[in-house]
Amino acid sequence: MKIRRILRLLFYISSTIVGVILSFVAINVGLNWYERTLKDIDYDHLKSCCRANGFSEHYAIVVDFNNPSGKHRFFVCDLQTNKIISSSLCAHGSGNGSTTTKPVFSNEVGSNCSSLGHYAITGRHKMSSTGLPSFRLKGLDSSNNNAMRRGILIHSAKIVSMSRLGIYPFFLPLDKRISSGCFAVDIDMMDFVEDLVDKERKSILLYAIDY
């Protein structure tokens, strides 16, 4: 009799835990769907910038650091349909007093901070520390024109991939091994961006904002 009560209790506890986890996942999937569907993207600005710089006029990437790191904030945009076609979590830099909830932005070499502004994806790169593929970025504004000197990349990170469905109201950890200013995304997004780069002959725009 006592064993049955213990088993019932264990079943109740495990069912409750599973229910909480499923609810957490469902909430984050819903939040990310909302962002992809209703995100206010300035497509006119993206198209104008792409035309002016001779970039691809099919796709562009917007990274909105105003979104918390526990939500998707790396958005791939289709400039023909004015729709977001893929999204990902994205870690921010760890330097100059940045916190898990709020990045501090800097263009200084050695700052380990994220930088705002327009970038061009210029080509592939293999990371020396992990051997993983990544993409080089060239900063086009005064706010990010040290990007190549700083080695700013788009690359994947294990913790971001493990959290890919979203972890809000929690946040990605702050660690320079995850991001020292690079755009660290999940592995699925890296594959998606790689497909776009293979398909497009022109550079693809990445636009990092905080509003």
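Nothing in this text is a laboratory measurement; each read-out follows from the coordinates by a stated rule. These figures come from a predicted structure and were not determined experimentally. Positions of Cβ are backbone-derived with ideal geometry, glycine not excepted, and every protein chain shown enters the neighbour counts.
Observations
- Residue 176 versus residue 195: modelled label distance in nm, points set 7 Å from Cα along the beta carbon direction: 3.6
- Note on residue 145 and residue 127: the extension gain reaches 4.4 nm, defined as 0.36 nm multiplied by sequence separation minus the Cα-Cα distance.
- Candidates 182, 90, 50: whichever shows maximal mean-square fluctuation once the chain is modelled as a Gaussian network with Cα springs under 10 Å: 50
- Distance from the Cα centroid of region 112-161 to that of region 28-51 is 21 Å (rounded to whole angstrom).
- Computed on region 3-209, the Cα convex hull volume stands at 135 Å³ per residue.
- Hits among lysines - C-alpha to C-alpha of residue 102 under 26 Å, sequence gap 8 or more where chains match: 39, 71, 138, 158, 176
- Dipole check for region 3-209: with +1 at the C-beta of Lys and Arg, -1 at the C-beta of Asp and Glu, and the Cα centre as origin, the magnitude is about 640 Debye.
- C-alpha long axis of helix 187-199 to longest principal axis of the chain, angle in °: 30
- Counting 0.36 nm for each residue step from residue 25 to residue 66 and taking away their Cα separation leaves a gain of 12.6 nm.
- Taking 152, 17, 167 in turn, the Gaussian network model of the chain (Cα-Cα springs below 10 Å) assigns the largest fluctuation to 17.
- Choice from 122, 100, 130 showing the highest fluctuation, given a GNM over the chain with Cα pairs closer than 10 Å: 130
- Across region 47-61, coupling constants 3J(HN,Hα) worked out from phi with the 6.51/-1.76/1.60 Karplus curve, θ = phi - 60°, read 5, 4, 5, 5, 5, 5, 9, x, 8, 4, 9, 9, 9, 8, 10 Hz, and Gly and Pro carry x.
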